[in-house]
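> Take this structure, written in structure tokens, and hold onto it; I'll ask about it next.
The values are calculated or read from the model by the stated rules, or taken from the named source; none is laboratory data. Please read these numbers as outputs of a predicted model, since none were measured by experiment. Every residue, glycine among them, receives a Cβ derived from its backbone with ideal geometry; neighbour counts consider all protein chains shown.
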Amino acid sequence: MRNQRGFTLIELIVVIVILGILAATALPRFIGVQSEARVAKLNGARGAVLSASALAHAAWLVAGSSAATTVNMDGASITMVNGYPTADANGIISAANISTNDYNLTGGGAGAGSVLTINVDSGHAGTCTFTYTSALASASPGISAVTVTNCN
């Protein structure tokens, strides 16, 4: 009587072929999930910017001085222009607690009408951004919708 141990070569080849087919069908779905995750990350940052802008404006109003150029949020001094955070690291970036390790920030400034562009990161092709435009006189800041073009 002969004891068999292990698998035959044909059984191993069949398993490898099945795994190859599964990998070929799962890979495009996995790539799509990564793109969706980048868009979700950017939408989260946009939500943080919207909330931080509103909270900083509320703190500015509560302070009662329309001449105030800073407000205190969680121990951080947030620079303000026209009652809203400026479009720089001391303004909306600090108020929204956005990490420069997680996002690319371009442009911006302390003046009214300065435009700050927030990008998921620079390691991917396409455009995954939104912008924050600091407030002009008697207006709220402009916060664009998320722009997604080939965000993979």
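> Of all the residues that make up segment 123-143, how many are within 13 Å of the chain's Cα centre (by Cα) and either in a loop (DSSP other than H, G, I, E, B) or at pLDDT below 90 (or both)?
Going through segment 123-143 one residue at a time, the tally reaches 3.
> Write out, first by first residue and then by second, each pair whose Cβ atoms fall under 8 Å of each other, whose residues are 6+ apart or on separate chains, and whose first residue, in segment 57-73, is exposed (fewer than 10 other Cβ atoms within 10 Å of the Cβ) while the second is at pLDDT 90 or above.
Ser66/Gly83
> OK, next. Quick one: count up the residues across segment 74-96 that are without any contact (Cβ under 8 Å) to a residue 40 or more places away in the chain, assigned to a helix (DSSP H, G or I) and surrounded by 24 or more Cβ atoms within 10 Å (Cβ to Cβ).
Final tally of qualifying residues: 1.
> Criterion first (over 19 Å from Thr131 (Cβ atoms), part of a helix (DSSP H, G or I) and at pLDDT below 90) does Gly6 satisfy it?
Judged against the criteria, Gly6 is not a match.
> Conditions: (1) farther than 30 Å from Glu36 by Cβ; (2) out of contact with any strand residue (DSSP E or B) (no Cβ under 7 Å at 6 or more places or on another chain); (3) at pLDDT below 90. Ala63 meets all but one. Number of the miss?
Ala63 satisfies all of (1) farther than 30 Å from Glu36 by Cβ; (2) out of contact with any strand residue (DSSP E or B) (no Cβ under 7 Å at 6 or more places or on another chain); (3) at pLDDT below 90 except (2).
> Another question about this same structure. Being within 15 Å of Val146 (Cβ to Cβ), under 18 Å from the mean Cα position of the chain (by Cα) and among the small types (Gly, Ala, Ser) is true for just one of Ala37, Ala52, Ala87. Which residue is that?
The unique qualifying residue is Ala37.
> When you look at Ser65, is it assigned to a loop (DSSP other than H, G, I, E, B) and closer than 20 Å to Ser138 by Cα, yes or no?
In short, yes.
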